[in-house]
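One structure is given here, and the rest of the page talks about it.
The values are calculated or read from the model by the stated rules, or taken from the named source; none is laboratory data. Keep in mind that what you see is a predicted model, and the values were worked out from it rather than measured. A quick note on method: Cβ atoms are made from the backbone with ideal geometry, for glycine too, and the neighbour counts reach across all protein chains shown.
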Amino acid sequence: MKKLIITLIIFLSLNLYGETEGKKRKAFDVDGNKYIIRPLYGLATKSYLGDLISFKDFKEDPNHGKIAGIQVERYVYKRPYDFPVDVTIQSSFITHFNDYSGEETDYYTNDNSYEINFGIKIYWTEFPWDKYVRTRLGVSEGLSYTSRITNLERYDQYHENNSNYLNYLDITLSFNVKDITGMDDLEDTYIGMGILHRSGIFGIINGVDGGSNNVTFFFETEL
């Protein structure tokens with residue numbers, strides 16, 4: 001899986017071509033804004049990814065974990081072949097604020113964990129209500145590294161195999177702030193919520209069978 005993701009990232013970084021409004025373009029040759037900057041704050045949850053996506057359930061992390069961080073993205077394509085999709089490469093730096101006040105101090109930790117992610121993100125940018133509020137749904141796939149196993153993952157994989165290196169998913173749903181407020185200066189600003197997910201893909205990566213989820217809240221701006 002690691003090799004597949006790395007190969008895909010390198011592939012996107014080469015002289016690839018898309019077509020927008022009849023004009024052929026190389027990768028990263030995009031009009032307008034080229035970057036997305038996204039500060040975020042989040043809450044750890046023991047809910048499953050599927051339950052969060054379907055808004056079925058939210059279960060608070062027993063150790064009340066929280067995260068804060070920033071994501072930076074660079075556009076690779078905007079609407080290739082006039083299809084309502086944007087493609088970016090994404091990097092992020094996340095701090096996990098581990099908090100534990102129980103008796104298993106030899107297993108859980110009160111020290112922060114630092115997470116670095118790198119991946120490819122695809123946005124769907126066309127919805128029936130866009131004339132009222134422009135909306136974009138993004139999903140990224142990539143690699144994740146944490147400096148220390150978080151309490152959330154220690155809880156999910158209680159005394160089982162864990163790993164600093166795991167697969168990474170980032171799902172976001174965001175709404176244009178200008179459309180919401182009518183303020184022209186906020187044309188390139190969005191607000192939204194998302195899910196940060198780390199897992200071993202049912203044991204495929206480093207033998208880790210479980211994973212972790214954090215529900216995030218953010219604003220993002222384009223430069």
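General observations
- Options Tyr114, Tyr158; residue that is without any contact (Cβ under 8 Å) to a residue 60 or more places away in the chain and within 15 Å of Gln71 (Cα to Cα): Tyr114
- Pairs with Cβ under 7 Å, 6+ apart, first in segment 48-69 and more than 27 Å from Glu104 (Cα to Cα), second assigned to a helix (DSSP H, G or I): Asp57/Asp51
- Residue that is surrounded by fewer than 21 Cβ atoms within 10 Å (Cβ to Cβ), of a type outside the set (Lys, Arg), over 12 Å from the mean Cα position of the chain (by Cα) and within 16 Å of Leu40 (Cα to Cα), where the choices are Glu160, Glu126, Glu222, Glu187: Glu222
- Hits in segment 179-211 (condition: small (Gly, Ala, Ser), touching a Lys or Arg at 6+ places or on another chain (Cβ under 9 Å) and modelled with pLDDT under 95): Gly211
- Just one residue in the set Leu152, Leu166 is crowded, with 20+ Cβ neighbours inside 10 Å and outside any strand (DSSP E or B); that residue is Leu152.
- Filtered residue count, segment 1-48, keeping only those that are among the hydrophobic types (A, V, I, L, M, F, W, C), at pLDDT below 85 and assigned to a strand (DSSP E or B): 0
- Filter result for the condition that a residue is closer than 18 Å to Ser212 by Cβ, hydrophobic (A, V, I, L, M, F, W, C) and under 20 Å from the mean Cα position of the chain (by Cα), over Ile120, Ile116: Ile116
- Candidates Ile171, Ile205, filtered to the one that is buried (at least 17 other Cβ atoms within 10 Å of the Cβ), assigned to a loop (DSSP other than H, G, I, E, B) and in contact with a helix residue (DSSP H, G or I) (Cβ under 8 Å, 6 or more places away or on another chain): Ile205
- Each residue in segment 96-123 was checked for being of a type in the set (Val, Ile, Thr) and surrounded by fewer than 14 Cβ atoms within 10 Å (Cβ to Cβ), and 1 pass.
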